[in-house]
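Step one of this worksheet: look at the structure below.
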Amino acid sequence: MTITNEAQKIPSVLKVTDAATAQLKKLIENHSPKAVGIRLAVNEGGCNGLTYAMDFAETKNAADEVMELDGVSLLIDPMALIYLVGTEMDFIKEKLSSNFVFRNPNESGRCGCGESFNV
């Protein structure tokens, strides 16, 4: 996969598993079919300093890095790229929960609940 923007093509900084791609596609189709994609960002917050944030995107920003995944655009906030290099995004289904999981080799710590991290 390749992340692209208008000016260049660069190797993907983020690996997205087939399970995560399928869930992103399902989210767009079932919950927000008019969205242009799903935005991924890293925000300040949580007990460890940083959190992964995902939401439906109504527009593409000029600076977004875009991953095309089986017909779904994953729009990556350019400020998040430095934190995501080498990360794998997966989707895990368990008996009582399901969620996106980020396996990030840059993390130097993670809170006990798994909601925030630091680098």
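Scanning region 1-21 for residues that are crowded, with 19+ Cβ neighbours inside 10 Å and either touching a Gly at 6+ places or on another chain (Cβ under 7 Å) or modelled with pLDDT under 80 (or both) yields one hit, Ile3. In region 22-65, which residues are surrounded by 17 or more Cβ atoms within 10 Å (Cβ to Cβ), of a type outside the set (A, V, I, L, M) and more than 21 Å from Tyr83 (Cβ to Cβ)? If the condition is that a residue be surrounded by 17 or more Cβ atoms within 10 Å (Cβ to Cβ), of a type outside the set (A, V, I, L, M) and more than 21 Å from Tyr83 (Cβ to Cβ), then Gln23 is the only one that fits. For region 72-119, the candidate set comprises residues that are among the small types (Gly, Ala, Ser) and either surrounded by 15 or more Cβ atoms within 10 Å (Cβ to Cβ) or in a helix (DSSP H, G or I) (or both); within that set, the residue that is modelled with the highest pLDDT is Ser73.
For region 44-62, a tally of residues being within 23 Å of Asn106 (Cα to Cα) and either touching a residue at least 24 places away in the same chain (Cβ under 8 Å) or not in a strand (DSSP E or B) (or both) returns 9. Restricting region 15-43 to residues that are assigned to a helix (DSSP H, G or I) and basic (Lys, Arg), the residue that is nearest to Ser73 (Cα to Cα) is Lys25.
The values are calculated or read from the model by the stated rules, or taken from the named source; none is laboratory data. All of these numbers come straight from a predicted model, not from anything done at the bench. Neighbour counts are summed over all protein chains in view; Cβ atoms, including those assigned to glycine, are modelled from backbone coordinates with ideal geometry.
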